[in-house]
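The values are calculated or read from the model by the stated rules, or taken from the named source; none is laboratory data. On a predicted model such as this, the values are computed, not experimentally measured, just so you know. Cβ placement follows ideal geometry from the backbone for every residue including glycine, while neighbour counts extend to all protein chains displayed. Heavy atoms of the whole protein, side chains included, go into the accessibility calculation; ligands, DNA and RNA do not. Shrake-Rupley method; radii C 1.70, N 1.55, O 1.52, S 1.80 Å.
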Amino acid sequence: MGESKPIPEGLRAAFDRYERAVVTNDLAAMGAAFASSGSTLRGDATDLLVGHDAITAFRATRGGVSRRRIGRIEHRWLGDATVLLVSVSHYDGGGSGLQTQVWQELDGRWLITAAHVSPRSATFDTAIWRVLGDPLLPATAGGPLDSLRVAVKDLFAIAGQRVGAGNPTYLAEAEQNTTTAHAVTQLLAGGAAVTGIARTDEFAYSIAGVNAHYGTPRNALRPDGLPGGSSSGPAAAVALGHADIGLATDTAGSIRVPASYQGLWGLRTTSGAVSTAGMLPLAPSFDTVGWLTRDGDSLQSVVDWCLGARRKGGNPAGSVAGSLPRRFVVAEEAANAAFEDMKNRFWAVVAGLSSWSQAPITRVHIDGIDDIAQQFRIVQAAEAWRNHAAWVAAHPAALGADVAERFRFAATVSLEAESRARGLLKRRAEEIRRLVSDAVMLLPTTPGPAPSRTAGGSELDGHRQATLRMTVLAAVAGLPAVSLPIDAGDEDGPWGLCLIGPPGSDSALVGLARQLARYLSEV
């Protein structure tokens, strides 16, 4: 035992191969260096991953590390075929880190069975943040949002900064802003301070949370899962405790999806409730501003301030939860678009709410929900192309593959197809608004927990299509929708319960969701 025996040649060779793989981001070689077992461990300052599959999923979207060299290695024999290696790495750009690994000789090969990484200190995670400050923008007045920190999605103008829209080429060509977006100044006037500008999926044209250029932000509650997009950066910042409010946008679910995946509260506001002045658009007919928080009380404070309930002394957004009828409807076609396990979990929650609401929960039908989603996709694409066609055409190789494919589709949408789709959506929007005129609609926010970070294109497309069947209802009808977290500590990952209310009921909807959350926590 101990250090008396030297490091075996085979172990040192395996260690060197692994180190080369880390620096070159050779995923296959890194995977081969770890024992293929469900009990293999890998930890760092924020996460503990258990099992080879979870470790592989984490690496797939992490990106490579900065170039470094190994300066010192200490070893201790823990058994006849088990060695502890502790190594110090020195980075070319400055700073050092520490790697602690347990290697075992298994079937003639030295493999890592446990590892802990202590990387060099970083000022910020570049997959989450584009710019950080201390703060970047201070509060302009005191108010109900005092001491709260804001992560601003990289679509909103901030004076002295540029909008990057999740794309480095777009950022490099962007002009510095001379004014700050209205949605940002609202928060500053309420006492909040802007911590920094957080990443977005490119042009907000995604709900997965993957960015081909900057990496994929961490999912705080499910390290092997995607964070959800396109408000992936603000969501991750809030979930990890680096910010208290995520200022974000929601076109087809870009607030609600990351809220569901990461156990957050998220509100898509009524269309037009918050000015989009100073915000880079995707599809203005559906774009809305909203917020992500870790708790319902904070979200209530934000919505009450930003929609004027406290500043004006009135109640324009209906901040008293009792102003909403405690009657619920469930759109069966949308709810049943969830994957089987999620459907079971959702209907179990619905069953428990019947006694709380003291009224039956009515099942309603929205026929042709797939057609609604398809017509929404057409109009969204047409508007996205109208807003960004010139830039996309001038930079054909600048986009990640998934977003590039959506813009290729957008370029094919004719004016006739757009006009037909708008006509259908107008009729369906009226139908949806009638359903919530005297009730609140309940849905799962997403069809399941966060998909794996290693999910392929077809799997992600399946998630996207199923998700749109749920998120499109509020988007098409311009309705407020709040996602509250359910089972945040469940090993299968958190999921969101979505409440959709009538136009202008934003604050009341959050209040009702808070009451509902308290009830669910007690049963």
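Quick look at the values:
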{"quantity": "Single match in Ser458, Ser483 (criterion: surrounded by fewer than 17 Cβ atoms within 10 Å (Cβ to Cβ) and under 21 Å from the mean Cα position of the chain (by Cα))", "calculated": "Ser458"}
{"quantity": "Residue in the stretch 129-148 that is touching an Asp or Glu at 6+ places or on another chain (Cβ under 8 Å), within 30 Å of Tyr18 (Cβ to Cβ), open to solvent by 30 Å² or more (accessible area, probe 1.4 Å) and at pLDDT 95 or above present", "calculated": "no"}
{"quantity": "Residue within the stretch 362-370 that is open to solvent by 20 Å² or more (accessible area, probe 1.4 Å) and either in contact with a Gly (Cβ under 8 Å, 6 or more places away or on another chain) or among the aromatic types (Phe, Trp, Tyr) (or both) present", "calculated": "no"}
{"quantity": "Qualifying residue in the stretch 265-275 (condition: within 22 Å of Met342 (Cα to Cα), touching a residue at least 12 places away in the same chain (Cβ under 8 Å), open to solvent by 10 Å² or more (accessible area, probe 1.4 Å) and of a type outside the set (A, V, I, L, M))", "calculated": "yes"}
{"quantity": "Whichever residue in the stretch 110-128 is over 30 Å from Ala189 (Cα atoms) and surrounded by 19 or more Cβ atoms within 10 Å (Cβ to Cβ) and, among such residues, is nearest to the chain's Cα centre (by Cα)", "calculated": "Ala115"}
{"quantity": "Filter result for Thr179 (more than 27 Å from Asp297 (Cβ to Cβ) and either among the β-branched types (Val, Ile, Thr) or modelled with pLDDT under 95 (or both))", "calculated": "yes"}
{"quantity": "Scope the stretch 203-229; condition in a strand (DSSP E or B) and out of contact with any strand residue (DSSP E or B) (no Cβ under 9 Å at 6 or more places or on another chain); matching residues", "calculated": "none"}
{"quantity": "Filtered residue count, the stretch 157-197, keeping only those that are in contact (Cβ under 8 Å) with a residue 40 or more places away in the chain and part of a loop (DSSP other than H, G, I, E, B)", "calculated": "12"}
{"quantity": "When residues of the stretch 52-71 are limited to those that are polar (S, T, N, Q) and part of a loop (DSSP other than H, G, I, E, B), the one most open to solvent (accessible area, probe 1.4 Å)", "calculated": "Ser66"}
{"quantity": "Residue that is most open to solvent (accessible area, probe 1.4 Å), among those in the stretch 20-35 that are without any contact (Cβ under 8 Å) to a residue 40 or more places away in the chain and either in a helix (DSSP H, G or I) or small (Gly, Ala, Ser) (or both)", "calculated": "Arg20"}
{"quantity": "Residue identified as in a loop (DSSP other than H, G, I, E, B), at pLDDT 95 or above and within 13 Å of the chain's Cα centre (by Cα) among Thr200, Thr249", "calculated": "Thr200"}
{"quantity": "Residues satisfying the stated conditions in the stretch 419-452, i.e. part of a strand (DSSP E or B) and buried (at least 23 other Cβ atoms within 10 Å of the Cβ)", "calculated": "Val440, Met441, Leu443, Pro444"}
{"quantity": "Whichever residue in the stretch 207-219 is small (Gly, Ala, Ser) and farther than 17 Å from Gly448 by Cα and, among such residues, is least open to solvent (accessible area, probe 1.4 Å)", "calculated": "Gly215"}
{"quantity": "Breaking point among (1) in contact with a Leu (Cβ under 6 Å, 6 or more places away or on another chain); (2) among the hydrophobic types (A, V, I, L, M, F, W, C); (3) over 15 Å from Asp154 (Cα atoms), for Ala235", "calculated": "(3)"}
{"quantity": "Enumeration of residues in the stretch 366-409 that are among the hydrophobic types (A, V, I, L, M, F, W, C), assigned to a loop (DSSP other than H, G, I, E, B) and either over 30 Å from Arg434 (Cβ atoms) or in contact with a Ser or Thr (Cβ under 6 Å, 6 or more places away or on another chain) (or both)", "calculated": "Ala397, Ala398, Leu399"}
{"quantity": "Residue list for the stretch 344-365, filter: in a helix (DSSP H, G or I) and in contact (Cβ under 8 Å) with a residue 40 or more places away in the chain", "calculated": "Arg345, Phe346, Val349, Val350, Gly352, Leu353, Trp356"}
{"quantity": "Condition check for Ser230: within 22 Å of Thr471 (Cα to Cα) and in contact with a Gly (Cβ under 7 Å, 6 or more places away or on another chain)", "calculated": "no"}
{"quantity": "Contacts under 7 angstrom Cβ, first residue in the stretch 229-249 being under 20 Å from Gly296 (Cβ atoms) and acidic (Asp, Glu), partner at pLDDT 95 or above and not in a helix (DSSP H, G or I), 6 or more apart", "calculated": "Asp244/Leu148; Asp244/Arg149; Asp244/Thr293"}
{"quantity": "Among the candidates Ala475, Ala517, residue that is touching a strand residue (DSSP E or B) at 6+ places or on another chain (Cβ under 9 Å), in contact (Cβ under 8 Å) with a residue 24 or more places away in the chain, surrounded by fewer than 18 Cβ atoms within 10 Å (Cβ to Cβ) and in a helix (DSSP H, G or I)", "calculated": "Ala517"}
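Rundown of residues vs (1) of a type in the set (A, V, I, L, M); (2) modelled with pLDDT of 95 or more; (3) within 20 Å of the chain's Cα centre (by Cα), yes/no style:
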| position | (1), (2), (3) |
| --- | --- |
| Glu491 | no, no, yes |
| Gly496 | no, yes, yes |
| Pro503 | no, yes, no |
| Ser507 | no, yes, no |
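Residue-wise test of (1) of a type in the set (Val, Ile, Thr); (2) within 23 Å of Trp495 (Cβ to Cβ); (3) open to solvent by 10 Å² or more (accessible area, probe 1.4 Å); (4) touching a Phe, Trp or Tyr at 6+ places or on another chain (Cβ under 8 Å).
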position	(1), (2), (3), (4)
Ser230	no, yes, no, yes
Ala239	no, yes, yes, no
Thr249	yes, yes, no, no
Ile255	yes, yes, no, yes
Trp291	no, yes, no, no
Arg294	no, yes, yes, yes
Val302	yes, yes, no, yes
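One line per residue, one yes/no per condition, for (1) β-branched (Val, Ile, Thr); (2) in contact (Cβ under 8 Å) with a residue 60 or more places away in the chain; (3) open to solvent by less than 20 Å² (accessible area, probe 1.4 Å):
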| site | (1), (2), (3) |
| --- | --- |
| Ser4 | no, yes, no |
| Thr46 | yes, yes, no |
| Val50 | yes, no, no |
| Glu74 | no, yes, no |
| Leu85 | no, yes, yes |
| Trp103 | no, yes, yes |
